[in-house]
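Encoded as C-alpha coordinates, the structure appears first; notes follow it.
The values are calculated or read from the model by the stated rules, or taken from the named source; none is laboratory data. Note that the structure is predicted; figures quoted are calculated from it, not measured. Because the Cβ atoms are built from the backbone with ideal geometry, glycine has one as well, and the counts that use them run over all protein chains shown. The accessibility values were calculated without ligands, DNA or RNA, using every heavy atom of the protein model including side chains. Shrake-Rupley method; radii C 1.70, N 1.55, O 1.52, S 1.80 Å.
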Amino acid sequence: MHPSHQSDSELWLSVRNNDGKAFNVLFDRYWLKLYKVALQQLKDEDASLEIVHNVFVSLWSRRKELEINSLQNFLFISIKYQIYKSLRPGKLSIVYKADVSEDSFSTAVNLGDLKIQDSELQQKLNRSLNELPGRCHQIFRLSRIEHFSNKEIAERLGISQKSVENQLTVALKHLRHAFKDIAFLMFIIHRL
(Lines give C-alpha, C1' and ligand atoms only; values in the text may rest on other atoms or scores of the structure.)
Protein backbone atom coordinates (compact mmCIF):
# COMPACT_ATOMS: atom_id res chain seq x y z
CA MET A 1 0.00 0.00 0.00
CA HIS A 2 1.29 3.46 -0.89
CA PRO A 3 2.29 5.41 2.25
CA SER A 4 -0.07 8.31 1.45
CA HIS A 5 -3.02 5.92 1.78
CA GLN A 6 -2.03 4.69 5.23
CA SER A 7 -3.53 5.86 8.51
CA ASP A 8 -1.55 8.04 10.91
CA SER A 9 -0.90 5.10 13.21
CA GLU A 10 0.42 2.95 10.35
CA LEU A 11 2.66 5.78 9.18
CA TRP A 12 3.90 6.45 12.71
CA LEU A 13 4.87 2.81 13.10
CA SER A 14 6.86 3.08 9.86
CA VAL A 15 8.48 6.33 11.03
CA ARG A 16 9.56 4.62 14.24
CA ASN A 17 11.28 2.08 11.97
CA ASN A 18 13.22 4.88 10.22
CA ASP A 19 10.97 5.18 7.15
CA GLY A 20 11.66 8.65 5.75
CA LYS A 21 8.92 8.35 3.11
CA ALA A 22 6.30 7.73 5.80
CA PHE A 23 7.61 10.75 7.68
CA ASN A 24 7.27 12.89 4.54
CA VAL A 25 3.66 11.75 4.14
CA LEU A 26 2.90 12.79 7.73
CA PHE A 27 4.66 16.08 7.13
CA ASP A 28 2.61 16.72 3.99
CA ARG A 29 -0.58 15.76 5.82
CA TYR A 30 -0.12 18.12 8.78
CA TRP A 31 2.38 20.91 8.14
CA LEU A 32 -0.11 23.40 6.66
CA LYS A 33 -2.64 22.89 9.45
CA LEU A 34 0.08 23.40 12.07
CA TYR A 35 1.40 26.44 10.23
CA LYS A 36 -2.06 28.03 10.20
CA VAL A 37 -2.42 27.50 13.96
CA ALA A 38 0.99 29.07 14.60
CA LEU A 39 0.35 31.96 12.21
CA GLN A 40 -3.01 32.72 13.79
CA GLN A 41 -1.35 33.04 17.21
CA LEU A 42 1.98 34.64 16.29
CA LYS A 43 0.99 36.78 13.29
CA ASP A 44 4.47 36.12 11.95
CA GLU A 45 5.15 33.92 8.92
CA ASP A 46 8.85 33.26 9.62
CA ALA A 47 8.33 32.46 13.30
CA SER A 48 5.40 30.18 12.40
CA LEU A 49 7.45 28.29 9.81
CA GLU A 50 10.29 27.93 12.31
CA ILE A 51 7.99 26.54 14.98
CA VAL A 52 6.44 23.99 12.59
CA HIS A 53 9.92 23.02 11.45
CA ASN A 54 11.01 22.53 15.08
CA VAL A 55 8.01 20.33 15.85
CA PHE A 56 8.79 18.02 12.92
CA VAL A 57 12.54 17.96 13.62
CA SER A 58 11.78 16.99 17.22
CA LEU A 59 9.30 14.35 16.08
CA TRP A 60 11.88 12.74 13.80
CA SER A 61 14.77 12.92 16.27
CA ARG A 62 12.66 11.46 19.12
CA ARG A 63 10.79 8.88 16.99
CA LYS A 64 12.28 5.90 18.85
CA GLU A 65 11.34 7.13 22.31
CA LEU A 66 7.91 8.68 21.70
CA GLU A 67 4.82 6.58 22.40
CA ILE A 68 2.05 8.32 20.46
CA ASN A 69 -1.56 7.12 20.42
CA SER A 70 -2.99 9.98 18.36
CA LEU A 71 -0.46 11.68 16.11
CA GLN A 72 -2.83 14.51 15.25
CA ASN A 73 -3.40 15.34 18.93
CA PHE A 74 0.31 15.06 19.65
CA LEU A 75 1.20 17.46 16.84
CA PHE A 76 -1.39 20.07 17.81
CA ILE A 77 -0.35 19.94 21.47
CA SER A 78 3.30 20.25 20.38
CA ILE A 79 2.60 23.28 18.20
CA LYS A 80 0.65 24.98 21.00
CA TYR A 81 3.50 24.32 23.41
CA GLN A 82 6.04 25.76 20.95
CA ILE A 83 3.85 28.84 20.48
CA TYR A 84 3.58 29.27 24.24
CA LYS A 85 7.36 28.93 24.60
CA SER A 86 7.97 31.53 21.91
CA LEU A 87 5.59 34.04 23.50
CA ARG A 88 7.01 33.87 27.04
CA PRO A 89 8.54 37.21 28.14
CA GLY A 90 12.09 37.58 26.91
CA LYS A 91 11.72 34.64 24.51
CA LEU A 92 10.33 36.44 21.47
CA SER A 93 12.44 35.94 18.40
CA ILE A 94 14.25 38.87 16.86
CA VAL A 95 12.10 38.54 13.75
CA TYR A 96 8.93 38.80 15.79
CA LYS A 97 10.18 41.87 17.71
CA ALA A 98 11.09 43.58 14.44
CA ASP A 99 7.60 42.96 13.05
CA VAL A 100 5.99 44.50 16.12
CA SER A 101 7.90 47.74 15.60
CA GLU A 102 7.13 47.98 11.88
CA ASP A 103 4.16 49.76 10.39
CA SER A 104 1.08 47.78 11.44
CA PHE A 105 -0.67 48.61 8.16
CA SER A 106 1.79 46.57 6.09
CA THR A 107 1.47 43.65 8.52
CA ALA A 108 -2.33 43.84 8.31
CA VAL A 109 -2.19 43.86 4.52
CA ASN A 110 0.07 40.78 4.52
CA LEU A 111 -2.24 38.93 6.89
CA GLY A 112 -5.25 40.02 4.87
CA ASP A 113 -3.61 38.79 1.68
CA LEU A 114 -2.82 35.50 3.36
CA LYS A 115 -6.43 35.07 4.49
CA ILE A 116 -7.72 35.89 0.99
CA GLN A 117 -5.27 33.46 -0.61
CA ASP A 118 -6.24 30.76 1.88
CA SER A 119 -9.93 31.37 1.18
CA GLU A 120 -9.38 31.27 -2.59
CA LEU A 121 -7.36 28.07 -2.30
CA GLN A 122 -10.08 26.45 -0.19
CA GLN A 123 -12.75 27.50 -2.72
CA LYS A 124 -10.70 26.09 -5.58
CA LEU A 125 -10.22 22.83 -3.69
CA ASN A 126 -13.96 22.57 -3.01
CA ARG A 127 -14.78 23.27 -6.68
CA SER A 128 -12.27 20.67 -7.82
CA LEU A 129 -13.61 18.09 -5.39
CA ASN A 130 -17.16 18.78 -6.52
CA GLU A 131 -16.10 18.00 -10.10
CA LEU A 132 -15.27 14.43 -9.04
CA PRO A 133 -17.86 11.65 -9.41
CA GLY A 134 -19.87 11.15 -6.21
CA ARG A 135 -18.20 7.96 -4.94
CA CYS A 136 -14.72 9.26 -5.82
CA HIS A 137 -15.42 12.51 -3.94
CA GLN A 138 -16.73 10.60 -0.93
CA ILE A 139 -13.70 8.29 -0.81
CA PHE A 140 -11.28 11.20 -1.12
CA ARG A 141 -12.95 13.06 1.77
CA LEU A 142 -12.93 9.97 3.98
CA SER A 143 -9.25 9.36 3.22
CA ARG A 144 -7.70 12.81 3.18
CA ILE A 145 -9.99 14.90 5.34
CA GLU A 146 -11.31 12.40 7.88
CA HIS A 147 -8.11 10.27 7.79
CA PHE A 148 -9.75 6.87 7.46
CA SER A 149 -7.47 4.08 6.23
CA ASN A 150 -8.24 2.41 2.90
CA LYS A 151 -9.35 -0.70 4.76
CA GLU A 152 -11.76 1.33 6.93
CA ILE A 153 -13.19 3.08 3.86
CA ALA A 154 -13.65 -0.23 2.04
CA GLU A 155 -15.48 -1.74 5.02
CA ARG A 156 -17.61 1.36 5.52
CA LEU A 157 -18.67 1.53 1.86
CA GLY A 158 -18.83 -2.22 1.23
CA ILE A 159 -16.27 -2.17 -1.58
CA SER A 160 -12.80 -3.64 -2.07
CA GLN A 161 -9.63 -1.89 -0.95
CA LYS A 162 -8.48 -1.96 -4.58
CA SER A 163 -11.57 0.08 -5.54
CA VAL A 164 -10.70 2.59 -2.82
CA GLU A 165 -7.11 2.82 -4.09
CA ASN A 166 -8.30 3.27 -7.69
CA GLN A 167 -10.74 6.03 -6.72
CA LEU A 168 -8.03 7.83 -4.72
CA THR A 169 -5.70 7.62 -7.72
CA VAL A 170 -8.39 9.22 -9.90
CA ALA A 171 -9.04 11.96 -7.33
CA LEU A 172 -5.36 12.76 -6.83
CA LYS A 173 -4.72 12.87 -10.58
CA HIS A 174 -7.64 15.28 -10.97
CA LEU A 175 -6.38 17.50 -8.13
CA ARG A 176 -2.79 17.48 -9.40
CA HIS A 177 -4.08 18.71 -12.75
CA ALA A 178 -6.34 21.34 -11.15
CA PHE A 179 -3.53 22.63 -8.93
CA LYS A 180 -0.60 22.32 -11.31
CA ASP A 181 -0.16 26.09 -11.30
CA ILE A 182 0.60 26.13 -7.56
CA ALA A 183 2.43 22.79 -7.30
CA PHE A 184 5.84 24.45 -7.58
CA LEU A 185 4.93 27.00 -4.90
CA MET A 186 3.83 24.20 -2.54
CA PHE A 187 7.12 22.37 -3.21
CA ILE A 188 9.06 25.49 -2.23
CA ILE A 189 6.99 26.06 0.92
CA HIS A 190 7.40 22.39 1.97
CA ARG A 191 11.17 22.76 1.85
CA LEU A 192 11.33 25.92 4.04
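Here are the numbers for this structure:
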item	result
Helices (runs of 4 or more DSSP H) fully within the stretch 145-192 counting 1 or more residues that are touching a helix residue (DSSP H, G or I) at 6+ places or on another chain (Cβ under 8 Å), at pLDDT 75 or above and open to solvent by less than 60 Å² (accessible area, probe 1.4 Å)	150-157, 161-178
Residues being of a type in the set (Gly, Ala, Ser) and part of a loop (DSSP other than H, G, I, E, B) - total across the stretch 41-92	2
Flag for Lys43 being open to solvent by 80 Å² or more (accessible area, probe 1.4 Å), more than 24 Å from Glu152 (Cβ to Cβ) and at pLDDT below 85	no
Answer residue from the stretch 9-38, given it is within 14 Å of the chain's Cα centre (by Cα) and hydroxyl-bearing (Ser, Thr, Tyr) and is least open to solvent (accessible area, probe 1.4 Å) among those	Tyr30
The stretch 34-57, residues that are without any contact (Cβ under 8 Å) to a residue 40 or more places away in the chain and under 14 Å from Lys80 (Cα atoms)	Tyr35, Gln40, Ser48, Ile51, Val52, Asn54, Val55, Phe56
